[in-house]
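Novice: Attaching a single structure in structure tokens format; questions to follow.
Here, each number is a calculation from the coordinates, and none is a lab measurement. Not measured: the values here are computed from a predicted model. A quick note on method: Cβ atoms are made from the backbone with ideal geometry, for glycine too, and the neighbour counts reach across all protein chains shown.
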Amino acid sequence: AGIGATALTLLVGTPAITLIGAAGAAVAVALPRGGLLISVLVLPLTIPVLIFGVSASYGAVADPAPFLQPFLILAALTLFLAVLGPAAAALALRHG
């Protein structure tokens, strides 16, 4: 049960990290000194995804910890970033 839940958590959380990275890369390409900005912009945005991913994986293994609540928040973050990420990347590339 733990391996399947961890795989499901990875399946849901990986697109969120990818979409954050795509938006950050678009900002880095659009700006002249974007290499430094990408670490300041992308790293704080990935922390909630990592926290809820680890919480859901821990909830699948440990008995008293819940699995569903952090997993649903992780899914909501992924869906939110699926809408906002490409739009932010396009906006950064268009105005850069």
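Novice: Just to confirm the number: angle between the C-alpha axis of helix 34-61 and the first principal axis of the chain, 0 to 90 degrees, nearest 10?
Specialist: Taking Cα atoms only, the helix is inclined about 10 degrees.
Novice: In what sequence, highest mean first, do 47-58, 62-73 appear when ranked by Cβ atoms within 10 angstrom? Write down the numbers at each step before the final one.
Specialist: Details: 47-58: 18.2, 62-73: 13.7.
Highest mean packing first, the order is 47-58, 62-73.
Novice: Also, quick follow-up: Can you tell me the Rg and Dmax of the chain, counting just the alpha carbons, in angstroms?
Specialist: 15.3, 50
Novice: Please report T78, T46 as a ranked list, fewest other C-beta atoms within 10 angstrom at the top and most at the bottom.
Specialist: Working: T78 21, T46 15.
Ascending number of Cβ neighbours within 10 Å: T46, T78.
Novice: Expressed in nm to one decimal, what extension gain is obtained for the pair L31 and T46 from 0.36 nm per residue of sequence separation less their Cα-Cα distance? Intermediate values should be presented prior to the final figure.
Specialist: Details: separation 15, 0.36 × 15 = 5.40 nm, distance 2.10 nm.
Going from the current span to full extension adds 3.3 nm.
Novice: I would also like to ask the following. Sort the following peptides by mean Cβ neighbour count (other Cβ atoms within 10 Å, averaged over residues), highest first: 29-37, 3-11, 15-23. Intermediate values should be presented prior to the final figure.
Specialist: Working: 29-37: 11.8, 3-11: 14.2, 15-23: 19.6.
By packing density, highest mean first, the sequence is 15-23, 3-11, 29-37.
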